[in-house]
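So the structure is just underneath, and the comments pick up after that.
The values are calculated or read from the model by the stated rules, or taken from the named source; none is laboratory data. Values in this document were obtained by computation on a predicted structure and should not be read as measured data. Here the Cβ is made from the backbone with ideal geometry for all residues, glycine too, and neighbour counts use every protein chain on show. Accessible surface is based on the protein model in full, side chains and every heavy atom, while ligands, DNA and RNA are left aside. Shrake-Rupley method; radii C 1.70, N 1.55, O 1.52, S 1.80 Å.
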Amino acid sequence: MSTDDTTESKCGASKTETSESNCGGSADASTEEKVGATVDDFDADPGSLVAVGLGPGHADGMTRRARAALHEAEHIVGYTTYIDLLPDEITDAADELYDTPMCGEVSRTEEAVDRALAGNHVAIVGSGDPNVYALGGLALEIVESKGATASALDFEVVPGVPAAQSCAARVGAPLVNDTVSISLSDHLTPMPTIESRLHAAAKEGFTITIYNPWSRKRRDNFEKCCEILLEHRDPETPVGIVHGAGREDERVEIVELGDLEALGETDLVDMTTTILVGNEDTYVWDDRMVTPRGYESKYDY
Ligand SMILES: C[S@@+](CC[C@H](N)C(=O)[O-])C[C@H]1O[C@@H](n2cnc3c(N)ncnc32)[C@H](O)[C@@H]1O
């Protein structure tokens, strides 16, 4: 087993940020990451590539399929924090680990694809689910850009429990009705687009899950988000804040929307926090958020 890359992050981390999306640049910043080798540069028969969602971060939160896929993988590739979250029985069994710090999503994903094209069985890992603000799509785009095919690599996505669901579980049942997820990271999506999505979601009465809520370089995004939510929702609207779900530093609080903005400057809200904003029917009962699904209007109970 070897760890090929242990260099420190150069991305200007703040508080306890650990998100790979916290790369400082805004959506219009150019990237220097370029895809290199193509399928013709590899002589070996292709191996396989699987994108594995680890769930919230503790070993019990991983699905059995995810665990099996990682055991089957010869090489495991991921952001350093996620590789560190893997149980020892999995990392000890792998032939190689390749981890990189925050940023570098494109080069890390390309490394995984290249290793698979070179004939290895490769897993690329991430927190939660590979289809939620994660690298599942990027992996396919890179395979395509190299002139390879997903079928030649037996490409597979192994789902994991997304942060929205693991965090919702910690505060009760806030998301049982129509829900929208919005990331406040403007690394890849311009802030005006994020703002208009927030307006639409808040106006239309969705419960809203906020991913990537706060970083020092993006504190304005968090403030703007709180402002927009308050334009459409009562300040008393219940909001669940879950930091580090399933991890050693987990913290859970239920607050009112009017108090949310001030919490952006505390350790509770950073890039390992997910925020769950109730809709107009959400209430707090016995320290749990409850969003009625509508049964109460049709049934007596
Ligand atoms: C790049 S996104 C990855 C999302 C992930 N693929 C998923 O399905 O949850 C990173 C964001 O997910 C949320 N997140 C990831 N793990 C979390 C955890 N254990 N507790 C709370 N939020 C978490 C945070 O909002 C963080 O900024």
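Suppose we filter LEU117, LEU153 for residues that are more than 12 Å from ALA51 (Cβ to Cβ), more than 16 Å from the ligand (Cβ to nearest atom) and open to solvent by less than 40 Å² (accessible area, probe 1.4 Å); which single one remains? Give the steps one after another, and end with the answer.
Numbers: LEU153 fails: more than 12 Å from ALA51 (Cβ to Cβ).
Answer to the selection: LEU117.
Only one of the numbered conditions (1) within 16 Å of the ligand (Cβ to nearest atom); (2) open to solvent by less than 20 Å² (accessible area, probe 1.4 Å); (3) closer than 16 Å to VAL50 by Cβ is violated by ALA164, and that is (3). Among the residues of the range 203-228, the one identified as touching a strand residue (DSSP E or B) at 6+ places or on another chain (Cβ under 7 Å) and more than 16 Å from the ligand (Cβ to nearest atom) is PHE206. Of all residues in the range 95-102, one or more are within 12 Å of the ligand (Cβ to nearest atom) and in contact (Cβ under 8 Å) with a residue 60 or more places away in the chain.
Filter the range 150-170 down to the residues that are within 30 Å of ALA118 (Cα to Cα) and assigned to a loop (DSSP other than H, G, I, E, B) and list them by number.
Scanning the range 150-170 gives ALA150, SER151, ALA152, LEU153, ASP154, PHE155, PRO159, GLY160.
Among the residues of the range 131-138, not a single one is open to solvent by 20 Å² or more (accessible area, probe 1.4 Å), farther than 23 Å from THR274 by Cβ and touching a residue at least 12 places away in the same chain (Cβ under 8 Å). Scanning the range 176-183 turns up no residue that is more than 16 Å from the ligand (Cβ to nearest atom), hydroxyl-bearing (Ser, Thr, Tyr) and open to solvent by 40 Å² or more (accessible area, probe 1.4 Å). When the criteria are applied in full, VAL176 fails the requirement of being under 18 Å from THR81 (Cα atoms) and part of a loop (DSSP other than H, G, I, E, B). Please go through the range 199-225 and pick out each residue that is buried (at least 22 other Cβ atoms within 10 Å of the Cβ) and of a type outside the set (S, T, N, Q). Once the filter is applied, which keeps residues that are buried (at least 22 other Cβ atoms within 10 Å of the Cβ) and of a type outside the set (S, T, N, Q), the range 199-225 yields ALA201, ALA202, ILE208, ILE210, TYR211, PRO213, TRP214, ARG218, PHE222, CYS225.
Screening the range 231-301 for strands (runs of 3 or more DSSP E) wholly inside it with 3 or more residues that are under 26 Å from the mean Cα position of the chain (by Cα) and in contact (Cβ under 8 Å) with a residue 40 or more places away in the chain returns the ranges 238-243, 273-277, 288-290.
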